[in-house]
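Working notes, beginning with the structure itself.
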Amino acid sequence: MNIITKKPQFEEQGYIQGTIGSYNKKQAEFDHTKGLTDDVAYRINGFYEDSDTYRDNVDIESLNLSPSFLWNISDFTSLSYEMEFVEQSKALDRGVYVLDNDFDSVDPADFYGDTRDGAHKVKALGHQLLLNHQLNNRWYLLAGLAYRDSSFKGTSSDTELSAGRQLIYTDPDLLSRQRRERDYQAEDVSARFEVSGDVALGGVKNNLLIGLDYYNFQLDTDYRVWRTAWGSGDSTYAIDPNNPDYTMEQPETSPTTVTSEDQTGLGLYAQDLIELTDKAKLLVGFRVDYFEQDIFDELANESQDQDQTEVSSRFGFVYELADNINIYTSYAEGFRPNSGLDSDRNAFEPEQTDSFEVGVKWQNIADRFSGSLALYDASKTNMLTAEPNTGLSATLGEVESQGVELQLTTLLTADTSLDIAYAYTDARTAKDLVDNDWGYQFLKGHA
C-alpha cells in the first residue's frame, strides 16, 4: 500500500468536515496549512470518530492527528518534520459462523464474543525528519530519520475454529469459544541516506540512485489463550448463539507466547535509469540486505537467533509507441524478515517475493481518454498464515497469483470525468500443504 502524506503549503488553505450516518456514525475531519514565515510552513490534519457498527456490541472510537512542518533553510536545502498520533478502540470481532452454506440461518449483526472483554486498544506515536539538499545542478542528497512507538492490547472471546474443539456441529445451542489476551509493544527506529543525480556515459544519460538504510525493530509479545482440549466435548465457555449469556464465568488464560524480539537490518541499494533513446528507457537495480534477529522465549528461557544476507534485483523497460502511449515491462524481487516464533518455537524463514508485469499506459488520447492495462504474475514464499490447531502462525510455503488490471478515465465535460476499473486475480498455493487440525490436504494449485 502506497501512502502519500499531505505536505505543508505556504498558501493558506484547509477545510472542516463532519459526517453523520447509519449506525450512529459520527466523524469530524479537518485539514489546515499555512506559511508561518517566508521560509517556514505548517500543516495539521486529522479526524475523530465515535460510531457504532452494524454488529451488535461493536463500536469504534478513533483519533488521528498528523502535524507537519517544512523549513526551507536555503534555496538548496529543506528540512521537514512529520508526526503521527493514533489512538483507536474497537472490539476484536470475528463475525458470524455459517453451517452447510445456510446464510439465512444467522443474523449478520450477531455477536458471539463477551461484552465484558471491552475494546482492543491501538496506540501509535511516530516522528519523521527528512533533509533534502541540492549538491549542484545535477546531484541531490536525501537523509531521513524516523522513530515509531506502538502498542496493541486487549482481550477477546473468539469462536473456536478447530473442528475437534467445536460443539456447534453436533449441538446447535452450543458454540465453542476460546479466550485470548494480547499485549504487543513495539519500537521501530530507521534511517536512510541516498544520493541521486545524472551522468552521461558513452553518450547515454544515466539517472543514478545510490542509498543506504538501517532499522532496528523491537517487539515484546505477550499472548495468552484458553481453549478446550481436543475432542473433550467441554462446554465450559460455549454460548447459545441465538441467546448469548454474557454473565458466565470467564476462564483464566495461560501464556502461550511471551517473547522479546530484537531485529536489526542494514540495506544497500542502487539503480540506474538508462535513457537508451528518446523513446526507450531501461531500469537496472539491486539491493543487498543483511539482517540479524534475536528472539528470547521467556517461557522456555531460551533464545533463537539468526542472520542472513539476501541480494534482490529489479529490472524495467519502457518504450514510447507514440506521444501519449507507452508500453512497459518490469521484474522485481523482494525480501522481508518475519517476526515471531512458530508452534515448535523456531524463528521463521524470511518472506521472499518475485513479481513480473507487462502493460501499456495511455494519456490524454484525443484530449479525453487516459488509462492503463497490466498483466502480472507474482509469487511469495514463507508467507505467514494462521495455524488453527495451535492458534499461532505458520509459514504456508508458497503462493502464486496472476491477474489483469484495467483502468480507464474519460473526460465527459471540462468539469466531469468517468472512471472505470476492472481487476481479475487468480491466486493459488504453489506447494502441497496439509492442515493437521482439519485433516484436509491443500494440493498445489488450490485457490
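Just one residue in the set R165, R148, R179, R116 is over 30 Å from L65 (Cβ atoms) and part of a strand (DSSP E or B); that residue is R179.
Name every residue in region 41-93 that is under 25 Å from I16 (Cβ atoms), within 25 Å of the chain's Cα centre (by Cα) and among the aliphatic types (A, V, I, L, M), in order of residue number. Selection gives I44, I60, L63, L65, M83, V86.
Region 362-447 holds strands (runs of 3 or more DSSP E) entirely within its bounds, and those carrying 1 or more residues that are surrounded by fewer than 15 Cβ atoms within 10 Å (Cβ to Cβ) and modelled with pLDDT under 75 map to 384-387, 433-435, 440-442. Based on this model, can you work out whether R192 counts as touching a residue at least 12 places away in the same chain (Cβ under 8 Å), surrounded by 14 or more Cβ atoms within 10 Å (Cβ to Cβ) and within 19 Å of H120 (Cα to Cα)? It is false that R192 is touching a residue at least 12 places away in the same chain (Cβ under 8 Å), surrounded by 14 or more Cβ atoms within 10 Å (Cβ to Cβ) and within 19 Å of H120 (Cα to Cα).
Within the span defined as region 134-150, every residue fails to be closer than 30 Å to N242 by Cβ and free of Cβ contacts under 8 Å to residues at least 40 places away in the same chain.
Among the residues of region 340-354, is there at least one that is modelled with pLDDT under 85 and aromatic (F, W, Y)? Checked against the condition, which is being modelled with pLDDT under 85 and aromatic (F, W, Y), region 340-354 yields at least one hit. Under the condition of being exposed (fewer than 12 other Cβ atoms within 10 Å of the Cβ), over 22 Å from L375 (Cβ atoms) and of a type in the set (A, V, I, L, M), the residues counted in region 300-334 number 1. Taken together, the residues in region 343-352 that are surrounded by fewer than 17 Cβ atoms within 10 Å (Cβ to Cβ) and either among the hydroxyl-bearing types (S, T, Y) or touching a Phe, Trp or Tyr at 6+ places or on another chain (Cβ under 6 Å) (or both) amount to 1. Among the residues of region 196-211, the ones that are among the hydrophobic types (A, V, I, L, M, F, W, C) and surrounded by 14 or more Cβ atoms within 10 Å (Cβ to Cβ) come to 3 in all. Considering region 251-272, and only residues there that are within 30 Å of V318 (Cβ to Cβ) and surrounded by 18 or more Cβ atoms within 10 Å (Cβ to Cβ), the residue that is farthest from the chain's Cα centre (by Cα) turns out to be Q271. Among the residues of region 1-20, those identified as part of a strand (DSSP E or B), in contact (Cβ under 8 Å) with a residue 12 or more places away in the chain and not polar (S, T, N, Q) are G14, Y15, I16. Cβ-Cβ distances below 6 Å connect the following pairs, each with a first residue in region 26-38 that is closer than 25 Å to N72 by Cα and surrounded by 13 or more Cβ atoms within 10 Å (Cβ to Cβ), a second residue that is at pLDDT 95 or above and among the small types (G, A, S), and a separation of six or more residues or different chains: D31/G14; H32/G14; G35/A41. Evaluation of M248 against the conditions (1) loosely packed, with under 14 Cβ neighbours inside 10 Å; (2) assigned to a strand (DSSP E or B); (3) aliphatic (A, V, I, L, M) shows that the sole unmet condition is (2).
Listed here are the residues, each with its yes/no results for (1) farther than 30 Å from F335 by Cα; (2) among the polar types (S, T, N, Q); (3) at pLDDT 95 or above.
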position	(1), (2), (3)
L209	no, no, yes
W230	yes, no, no
T236	yes, yes, no
P241	yes, no, no
Y246	yes, no, no
E249	yes, no, no
E261	no, no, no
A270	no, no, yes
V284	no, no, yes
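Cβ separations smaller than 6 Å between residues 6+ apart or across chains give the following pairs from region 55-74 residues that are under 19 Å from G144 (Cβ atoms) to residues that are assigned to a loop (DSSP other than H, G, I, E, B) and of a type outside the set (A, V, I, L, M): S68/P8; L70/P8; N72/D39. With respect to the conditions (1) more than 23 Å from the chain's Cα centre (by Cα); (2) modelled with pLDDT of 95 or more, T309 falls short on a single one, namely (2).
Considering only residues that are among the charged types (D, E, K, R) and touching a residue at least 12 places away in the same chain (Cβ under 8 Å), look in region 96-126 and name the one that is surrounded by the fewest Cβ atoms within 10 Å (Cβ to Cβ). Checked region 96-126; the qualifying residue surrounded by the fewest Cβ atoms within 10 Å (Cβ to Cβ) is R116.
The values are calculated or read from the model by the stated rules, or taken from the named source; none is laboratory data. All figures in this text were calculated on a predicted structure; none of them were measured in a lab. With ideal geometry, Cβ positions are generated from the backbone for all residues, glycine too; neighbour counts draw on all protein chains shown.
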